[in-house]
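**Q** Here's a structure for you.
The values are calculated or read from the model by the stated rules, or taken from the named source; none is laboratory data. Keep in mind it's a predicted model, so treat the numbers as computed, not measured. Don't worry about glycine lacking a Cβ; one is built from the backbone with ideal geometry, like all the others, and counts go over all protein chains shown.
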Amino acid sequence: MGRWRCPACGYVYDEQQGHPHEGFPPGTPFSEVPEEWHCPDCGVRDKVDFEPVP
Amino acid sequence: MSAVTSASDHHDLATGPDGQVLERPRWRDSKRYAWLLGLIVPLLPFISWGLVELTGLGVFWFYGPVLIFGVFPLLDLVAGLDASNPPDSVIKWLEQDRYYRWCTYLFLPLQYAGLIFACWMWSHGGLSVLESLGLALTVAMVAGVAINTAHELGHKRASSERWLSRVALAQTGYGHFFIEHNRGHHVRVATPEDPASARMGESFYAFWPRTVSGSLRSAWELERVRLERMGRGPWTIRNDALSAWAMTLVLYAVLALVFGPIVLPYLLIQAVVGFSLLEVVNYLEHYGLRRGRREDGRYERTAPEHSWNSNNVASNVLLYHLQRHSDHHANPLRRYQALRHFDEAPQLPTGYAGMILAAVFPPVWRRVMDHRVVEHYRGDLDLANISPRARARVLARYPAPETAMPAPAGEGLTGSA
């Protein structure tokens with residue numbers, strides 16, 4: 001399970017936890033998150049800008 | 001080491017958000033105690049009452065709008081500018097200092113104490129209709145500035161602060177703001193698609209219906225799509241817009257039950273005037289500014305050049321540094337006390353308080369602002385966000401120059417945010 005970070009505010013999308021409030025239950029792979037999705041915390045950066053967390 | 005020394009040593013250390021130990025910086029925040037002055041606004045209904053009692057003049061029920069539209073524009077002119085920034089090294093310390101949070105949290109109990117007090121005055125205070133109207137406008141100033149407090153709280157990660165944001169918005173029925181603003185406005189800011197970004201040539205009175213209805217539709221659509229992902233329809237209490245509006249309905253119903261239905265027209269007036277105060281601030285924050293398109297069709301990232309800023313101290317203290325708007329859009333989660341001035345950001349000629357006055361008189365607004373948009377884009381209005389209806393008029397008034405205009409002072413756009 002991977003983690004992806006918003007380069008603007010540091011929010012991390014953790015595939016294990018998903019983001020239930022945004023409609024992504026735990027275990028939702030980042031690839032299933034819609035392309036037009038924006039960072040839920042800052043709204044400054046889009047999904048395509050997210051960087052994988054090593 | 002004595003107990004006293006170890007206690008003060010302990011006081012000089014704090015734990016940052018990532019768990020790192022932060023040391024108290026030598027730098028002193030000159031605005032630290034000024035932020036408490038923001039709490040004067042929610043006290044306005046009580047201050048108005050005090051002035052009426054003291055002087056016997058009912059006209060002082062109008063003290064709220066007089067302070068916001070009369071005194072604050074003058075204060076901005078007298079108190080002047082403060083462009084100083086906290087050094088980068090103390091930003092983390094500043095943000096973890098809970099004192100600043102309490103300055104905003106305390107707004108809420110005072111806000112609602114004032115509302116309850118006003119309801120009592122409307123129902124049992126023996127006021128004339130005109131005096132009641134004055135009090136409603138004073139309460140509206142609190143309600144409008146409360147949206148600014150809600151804005152500061154609604155951008156934070158902590159669910160407690162987001163909840164407080166919704167409470168602060170309940171008074172105006174603008175609970176959908178914290179949905180649309182965070183997930184709509186911040187994404188589409190300074191583009192023609194954003195209902196809350198004003199276009200050049202668009203008067204405040206043309207902007208008002210577009211932003212009020214557009215923001216409402218946007219919030220609903222954002223929630224509909226979010227709930228659809230969860231396999232639900234929009235008509236559920238899990239819809240954050242519906243639950244926020246329900247909070248307002250319950251609030252008004254309780255106030256009407258306790259104080260009588262006489263309070264309802266005044267509640268309506270303070271709500272509409274209150275959210276209009278927010279919308280006039282929206283109007284001036286991005287007027288005419290537009291983000292360019294990149295080669296892949298996406299808008300360029302929001303940069304300091306996409307918001308109007310002001311360093312006027314009085315309005316900045318009143319509005320928790322909202323006027324340092326470019327840094328807010330670059331770092332929406334940054335707490336107000338740590339927001340910075342950018343030299344390269346376009347500057348308003350005075351603080352928001354004075355600019356609001358200009359906005360309600362469109363000829364004055366055009367005279368003050370349109371040439372600033374032209375100068376910002378060095379005469380090339382193809383780069384500006386122009387109202388489609390006003391396009392021909394604006395371009396006839398400001399034809400493209402034969403040669404490029406010189407860059408305005410302080411312009412050196414590198415997108416340093």
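**Q** Out of the residues in the stretch A:6-26 meeting the condition of being buried (at least 17 other Cβ atoms within 10 Å of the Cβ) and in contact with a strand residue (DSSP E or B) (Cβ under 6 Å, 6 or more places away or on another chain), tell me which one is farthest from the other protein chains (Cβ to nearest Cβ).
**A** Looking at residues that are buried (at least 17 other Cβ atoms within 10 Å of the Cβ) and in contact with a strand residue (DSSP E or B) (Cβ under 6 Å, 6 or more places away or on another chain), I get A:13.
**Q** Can I ask one more? I need every pair where a residue in the stretch B:233-250 that is polar (S, T, N, Q) has its Cβ under 6 Å from the Cβ of a residue that is part of a loop (DSSP other than H, G, I, E, B), sequence separation at least 6 or different chains.
**A** As it stands, the answer is B:243/B:237; B:248/B:173, since those pairs meet every condition given.
Every residue, every condition in (1) closer than 17 Å to residue B:145 by Cα; (2) out of contact with any helix residue (DSSP H, G or I) (no Cβ under 7 Å at 6 or more places or on another chain); (3) at pLDDT 95 or above; (4) surrounded by fewer than 21 Cβ atoms within 10 Å (Cβ to Cβ), yes or no:
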position	(1), (2), (3), (4)
B:294	no, yes, no, yes
B:298	no, yes, no, yes
B:301	no, yes, no, yes
B:310	no, no, yes, no
B:325	yes, no, yes, no
B:336	yes, no, yes, no
B:344	no, no, no, yes
B:351	yes, no, yes, no
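**Q** Out of B:147, B:91, I need the residue that is in a helix (DSSP H, G or I) and modelled with pLDDT of 95 or more. Which one?
**A** On inspection, the qualifying residue turns out to be B:147.
**Q** Using the structure shown, decide if residue A:48 is in a loop (DSSP other than H, G, I, E, B) and aliphatic (A, V, I, L, M).
**A** So residue A:48 does not fit the description; no.
**Q** Check off (1) under 21 Å from residue A:22 (Cα atoms); (2) within 24 Å of the chain's Cα centre (by Cα) for residue B:266 and give me the number that stays unchecked.
**A** So residue B:266 meets the others, but not (1).
**Q** Here is a further query. Residue B:175 fails exactly one of the following numbered conditions: (1) assigned to a loop (DSSP other than H, G, I, E, B); (2) under 19 Å from residue A:40 (Cα atoms); (3) within 14 Å of another protein chain (Cβ to nearest Cβ). What is the number of that condition?
**A** With respect to (1) assigned to a loop (DSSP other than H, G, I, E, B); (2) under 19 Å from residue A:40 (Cα atoms); (3) within 14 Å of another protein chain (Cβ to nearest Cβ), residue B:175 is out only on (3).
**Q** Residues of the stretch B:299-344 being under 15 Å from the mean Cα position of the chain (by Cα), within 13 Å of another protein chain (Cβ to nearest Cβ) and either among the aromatic types (Phe, Trp, Tyr) or in a helix (DSSP H, G or I) (or both), which ones?
**A** Those that are under 15 Å from the mean Cα position of the chain (by Cα), within 13 Å of another protein chain (Cβ to nearest Cβ) and either among the aromatic types (Phe, Trp, Tyr) or in a helix (DSSP H, G or I) (or both): B:326, B:327, B:328, B:329.
**Q** Determine if the stretch B:351-358 includes at least one residue that is away from every other protein chain (no Cβ under 14 Å) and touching a strand residue (DSSP E or B) at 6+ places or on another chain (Cβ under 6 Å).
**A** Yes, because at least one residue in the stretch B:351-358 is away from every other protein chain (no Cβ under 14 Å) and touching a strand residue (DSSP E or B) at 6+ places or on another chain (Cβ under 6 Å).
**Q** Quick one: which of B:81, B:115 is closer than 18 Å to residue B:251 by Cα and touching a residue at least 24 places away in the same chain (Cβ under 8 Å)?
**A** Only one candidate qualifies: B:115.
**Q** Looking at the stretch A:37-51 only, could you name the residues that are more than 10 Å from chain B (Cβ to nearest Cβ) and either of a type in the set (Gly, Ala, Ser) or closer than 21 Å to residue B:227 by Cα (or both)?
**A** A:47
**Q** Since residue B:86 meets every condition but one in (1) at pLDDT below 95; (2) within 24 Å of residue B:174 (Cβ to Cβ), which condition does it not meet?
**A** Residue B:86 satisfies every listed condition except (2).
**Q** One residue is enough: does the stretch B:155-162 have a residue meeting the conditions buried (at least 24 other Cβ atoms within 10 Å of the Cβ), within 15 Å of the chain's Cα centre (by Cα), within 14 Å of another protein chain (Cβ to nearest Cβ) and at negative phi?
**A** Yes: one or more hits.
**Q** Check A:54, A:29, A:34 and return the single one that is surrounded by fewer than 19 Cβ atoms within 10 Å (Cβ to Cβ), within 12 Å of another protein chain (Cβ to nearest Cβ) and without any contact (Cβ under 8 Å) to a residue 40 or more places away in the chain.
**A** A:34
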